[in-house]
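Step one of this worksheet: look at the structure below.
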Amino acid sequence: MAVKTGTTEDVIAGPALQEIVGWLTETDEGRLAHLWRLAEQCRRDSVGDEVHLRGLIEISNYCVRRCGYCGINAGNRGIERYRMTQREILDCARQAVEFGYGTVVLQSGEDPGLKADWIAQIIRAIKKDTPLAVTLSLGERSDEEFVAWRQAGADRYLIRFETSNPQLYEHIHPSLPGRRSDRIAILRQLTELGYEAGSGVMVGIPGQTYLDLARDILTFADLDLDMIGVGPYLPHPATPLGKEYMKMPANSPDQAPNTELMTCKVMALARLVCPLANIPSTTALATVNRESGRELGLMRGANIVMPNLTPAKYRAMYEIYPAKACIQETADKCHECMKARIVAIGRKIGAGRGDSKAKYRRTR
Ligand code: SAH
C-alpha cells in the first residue's frame, strides 16, 4: 500500500479504493499516527477548532421497520413505546437555547403515528420561538413529507445508508412490502430540496468487509454529504443481528471489526474525503470507550457532539443498542460533561448554528 506522506490535499485528491483499504487494514502505529495527524490538520484547516453542540431529542420510539441491528425495531415486544407531546418537545428546544446550542435534532423510529402536519407544526413552533436550526431524523418518509417539512423550516435531515453493500443492506434493513428502501436516492432528493443532508454507517456489522467500508467512504464523497455520522455496530441481544453476531466465527479475515480503532479510521478517512462536512463524535463511540471515546472522536476528525436532551423518563426506552453511554444522565449533566470534555482537549464551544460549509460551497 502506498502510504501518503504528502499534504492533506494529496489525500483528498485521489484516495483510491485500494489506498483506503490499505488504511483500514493498517496496523503500524507510526503510520496510523500519520493518518490521525492528517485528519486533525484537515479538520482544523477546513472547519476550525469550534465544536458545535446539537441537542438530541428522541421524540418517539414507535417503529414500523424490522432493522436487524436496532433495539427499537417493530419486532421487539419487550419495550414500552412512547411518543413525546409537542409541549415536551418545545420545552426541550427551549432548554437547548438556554444551554447555548445552535441546533436541535428530532429523532425517532420510523413512526407513521408522527403525522406530517404534526411534525410541521412543531418545526414552525421551534422556528417561531427560537433561533435554532432544526434537524430531522425520522427515517424513510414520503417526498411530500420532506417537502412539507422543508417548507415549515426544517434545515437538515439525517438518514444513514448504514452500508453501501446492497446485499448486506437488504439483510440488515429489510424493505417494507411494496416499498424498496433506497436511502441513497432519498439523500439526493433531500439535497435537491435544499436540506443539509447527513448520512453515515455502522462499523463492524456482521458480514461487512474492509472493502465494503472503503466503498462507504467513497460514497460519502460521491454524495458530497453535509454531515457524516459513524459509530461502531453494537450488538443488541433482542435483535436478529445481535443473535447472528454472537454466533459469528472469531477468525473471518475479511470481517471489519466493530472496534474503537476501526471506527476512528473510518472517521479520519471521512474527514479527508469530505473536508468540509460536519462530523459528530458519536454516542456509540463513547459507549465502547466511556472514559475518552468522545474526545478521541474529536481528535480523529470530528467537530460536532450531540448532547442528549430527551427527558429522563423516556431515555431508557430509546435503547437502540444496549448500555448506551449517558443513558442515565439528565440533560444538565450531559451538557456540563460535554462542555468539560471539549475544553479539556483545547477546543472551543461553537457559537451559532454551525451550518454546513459543504453546502455553502455547493450552492454559493
Ligand atoms: N429511525 C431513524 C433513526 C435511527 S437511529 C432511521 O432509521 O434513520 C440512528 C442510527 O443509530 C441508525 O441509523 C443506526 O446507524 C444507529 N444504530 C441503530 N442501532 C444500532 C446498533 N445496534 N449499534 C450501533 N448503531 C446503531
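Where a number appears in this text, it was derived from the coordinates with a stated rule and is not lab data. Please read all numbers here as calculations on a predicted model, not as lab measurements. No Cβ is skipped: glycine too gets one built from the backbone with ideal geometry, and neighbour counts run over all protein chains shown.
Summary table
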{"read-out": "From the C-alpha gyration tensor of the stretch 186-269, square roots of 5λ in Å", "value": "27, 15, 10"}
{"read-out": "Sparse-neighbourhood loop sites, GluC sites (Glu not before Pro) in the stretch 262-364 - DSSP loop, at most 10 other Cβ within 10 angstrom", "value": "Glu291"}
{"read-out": "3J(HN,Hα) from dihedral phi, the stretch 28-35, Karplus parametrisation 6.51/-1.76/1.60, rounded to Hz, x for glycine, proline", "value": "6, 5, x, 5, 5, 4, 5, 4"}
{"read-out": "Listed residue (Leu223, Pro206, Ala133) projecting farthest to the positive dipole end of the stretch 109-223, Cβ model", "value": "Ala133"}
{"read-out": "Which of Leu276, Thr263, Asn303, positive extreme of dipole for the stretch 239-364 (C-beta unit charges)", "value": "Leu276"}
{"read-out": "Length-normalised contact order for the chain - Cα pairs under 8 Å, 6+ apart - percent", "value": "23 percent"}
{"read-out": "Straight-distance crosslink candidates among lysines, where the alpha carbon sits under 17 Å from Lys333 and sequence neighbours closer than 8 are dropped", "value": "Lys313, Lys324"}
{"read-out": "Model label zone, Ala33; criterion: amide N under 19 Å from point 7 Å along Cα-to-beta-carbon; scope the stretch 270-301", "value": "296-297, 299-301"}
{"read-out": "Of the GluC sites (Glu not before Pro) in the stretch 39-133, those whose Cβ has at most 13 other Cβ within 10 Å and which sit in DSSP loop", "value": "Glu80"}
{"read-out": "Two-site FRET efficiency, Asp117 against Ala74, from Cβ-Cβ distance with R₀ of 25 Å, rounded to 0.05", "value": "0.60"}
{"read-out": "Fully extended contour minus Cα-Cα distance, from Met246 to Ile327, at 0.36 nm per residue", "value": "26.8 nm"}
{"read-out": "Neighbour-limited loop hits for trypsin sites (Lys or Arg not before Pro), the stretch 111-173 (at most 16 other Cβ within 10 Å; DSSP other than H, G, I, E, B)", "value": "Lys115"}
{"read-out": "Lone cysteines, the chain (no partner Cβ under 4.7 Å)", "value": "Cys42, Cys63, Cys92, Cys264, Cys274, Cys326, Cys334, Cys337"}
{"read-out": "Label-reachable residues, the stretch 245-262, where backbone N falls under 20 Å from a point 7 Å from Arg290's Cα toward its Cβ", "value": "259-261"}
{"read-out": "Most mobile of Met246, Met262, Met317 in a GNM of the chain (Cα contacts under 10 Å)", "value": "Met246"}
{"read-out": "Calculated P(r) of the stretch 57-215 - Cα pairs past 19 Å, %", "value": "57 percent"}
{"read-out": "For the stretch 215-339: span of alpha carbons on each principal axis (Å, largest first)", "value": "40, 40, 25"}
{"read-out": "Among Pro166, Pro311, Pro240, residue whose mean-square fluctuation peaks in a GNM of the chain (springs only between Cα atoms under 10 Å)", "value": "Pro166"}
{"read-out": "³J(HN,Hα) computed for each position of the stretch 295-311 - Karplus, 6.51 cos²θ - 1.76 cosθ + 1.60, integer Hz, glycine/proline x", "value": "5, 4, x, 5, 9, 10, x, 7, 9, 9, 10, 10, x, 8, 10, 4, x"}
{"read-out": "Cβ-based net charge around Leu32, under 9 Å, with every Lys or Arg adding one and every Asp or Glu removing one", "value": "-1"}
{"read-out": "Surface/4 of the Cα convex hull for the chain, nm²", "value": "16.9 nm²"}
{"read-out": "Ellipticity estimate at 222 nm from DSSP helix runs (n ≥ 4, -39,500 (n - 2.57)) divided over the chain, nearest 500", "value": "-13000 deg cm²/dmol"}
